[in-house]
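Comments concern the structure below.
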Amino acid sequence: MAYLTYEQIINKIDQLEEANILIAALEFRVFTHLGKKSLSCQTLANKAGLQLEGADALLNALASLGAISKKGNSFANTPESYKHFCEQSPNFKKGTIFLRKENRDEWSKLTNTIKKGRNISELSKEDIGFRELFTYAMHERSSGFSKPLSKIITRKPVGKLVDLGGGPGSYSAEILKIDKMAQAVLIDRQASLNVAKAILKNSKVIERFSFVAGDLFEVSFGSNIDTALYSNILHIYNKSQNTKILKKINKSLKPGGRLILVDYFLNNNLIEPYRAALFSLTMLMFTAKGKTYTFEQTESLLKKNGFGKLKRYELSQGCSVIEGIKI
C-alpha cells in the first residue's frame, strides 16, 4: 500500500477550497443563471442577488477551475456544466446537487460526531422533501452500477423480483430490460415510490412493475419470490435489524431462491477497499445505527439466516455483490 506524502496530505486538505467554491456556485445557481448565454459579472451578480466583488471573485475562480469558461469579461457554461448543473437541461442532476449541498453542512459536524457520538434525534427525523431528492440522487448515481449489476443478476432467470428499499427502481428497471419475462415488486416509502413512478413512467418496463409502500420492518415481502434484491440497505441498520429483514427475505423466497446483496463491503483489515473504508464515516454521520460491514461479517450473517452457496462479485467503484441461495 502506498502512503500519502506530506504534500499529498496538504493537497487533499486544500481541496476543501475547490469543493466550497463549487458548492457556492450550486448554492447561488450560477450554472442555471448562465444557461446557454454568455454573461458579464455584473449581469450574473444581479440575477443571483450577489455583491459584485464577491461574484467577480467566484466567477473567476470557477473559470480557473474549468467549471465555466471566460472570454474577455464574459462568462459561460461549459457543455458539462450546462448539461448536469443547469436547471433548464433535461439532464439536470437535481438530486445529486441537493446531496452535495446537504453533505457540506453535515460533514462540518464530523469532529463533533467523532468526539460525542451520533445525534440520534436529528437522524430519526423523516423529511419527505429530503426523501424525494435523495431518491433522485440515487437514480443519478445508479448509472455507473445498473448495467454491470443487471448482467450479474440475469445470468439466471430472475422470475419474480422483490426490490427492497429500491428507491427509484433503477436497478430493477435495467434487470427487466434484459430479462423480458421478469416482474418486479418495488418496496419503499411512498415518497420514494412517487419518484420511481415519475422516472419510469415513459419506460416500457413499468408495465411489469408493481409498487408497495411501507416500512421494510412492517410490510409483507410476499411469497414464492424467485429473487430478492437488498441493495445499499444493509449499511443503514445494525446486526439485529438486518437479521429481522434477512429472516423475512428468507421466508418470502422459494426454495433455491436468490438473495442479491449490493453494498460497500470491507476486507478484514477495515481499510480496503478505499471507498468502503471512507463510507464507514458516512454511516457514522448519516445513520442512527448503521455501519460498513466486512465481507466475512455479512456472509456469517447470511449463513445464520438460511442462506448458502455464497458468491462474491466485484461491481464498480468499490461496491460489491454477495449472492446467496435459500437453503
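How many times 2.2 N^0.38 Å is the alpha carbon radius of gyration of the range 1-69? Please report the intermediate quantities before stating the final value.
Details: Rg = 15.1 Å, N = 69, 2.2 N^0.38 = 11.0 Å.
Computed over Cα atoms of the range 1-69, the ratio equals 1.37.
How far, in nm, would the chain grow between T287 and Q8 when pulled straight, counting 0.36 nm per residue and subtracting the alpha carbon separation?
On the way: separation 279, 0.36 × 279 = 100.44 nm, distance 3.02 nm.
Additional length available on full extension: 97.4 nm.
Mind putting a number on the dipole of the range 142-326 about its Cα centre? Charges go on the C-beta only, +1 for Lys and Arg and -1 for Asp and Glu, and I need it in Debye to the nearest 20. Show your work: numbers first, answer last.
Working: 28 positive and 14 negative charges, 99 e Å.
Using only the charged Cβ atoms, the result is roughly 480 debye.
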**Item:** Which listed pairs, of K109/K197; K151/K304; K201/K303; K147/K247; K109/K248; K177/K326, have C-alpha distances above 30 Å, in listed order
**Value:** K109/K197; K201/K303; K109/K248
**Request:** Report the paramagnetic label zone for N20: residues of the range 76-107 whose backbone N is under 19 Å from a point 7 Å from Cα along the Cα-to-Cβ axis.
**Result:** 100-107
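If each residue of separation counts as 0.36 nm, what is the full-extension length gain between E296 and N224 once their alpha-carbon separation is subtracted?
Values: separation 72, 0.36 × 72 = 25.92 nm, distance 2.83 nm.
Additional length available on full extension: 23.1 nm.
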**Request:** Give the longest segment of the chain that steers clear of GluC sites (Glu not before Pro) in DSSP loops with at most 11 neighbouring Cβ atoms within 10 Å, not counting the sites themselves.
**Result:** 1-125
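Within the set of other residues whose C-beta is less than 10 Å from the C-beta of L164, count the net charge using Lys and Arg as +1 and Asp and Glu as -1.
Working: positive: K248; negative: D163, D188.
Net charge in that neighbourhood comes out at -1.
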**Prompt:** Taking +1 at the Cβ of each Lys and Arg and -1 at the Cβ of each Asp and Glu, which of L50, T135, W107 sits farthest along the dipole of the chain towards its positive end, judged by Cα position relative to the Cα centre?
**Reply:** T135
**Request:** For N60 paired with R104, estimate the spin-label separation in nm (one decimal), with each label point 7 Å from Cα along the Cα-to-Cβ line.
**Result:** 2.1
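FYI, it's all coordinate maths here, none of it is from the lab. Predicted model, so just to flag it, every value in this text is computed and none were measured. Glycine gets a Cβ as well: all are built from the backbone with ideal geometry, and neighbour counts include every protein chain shown.
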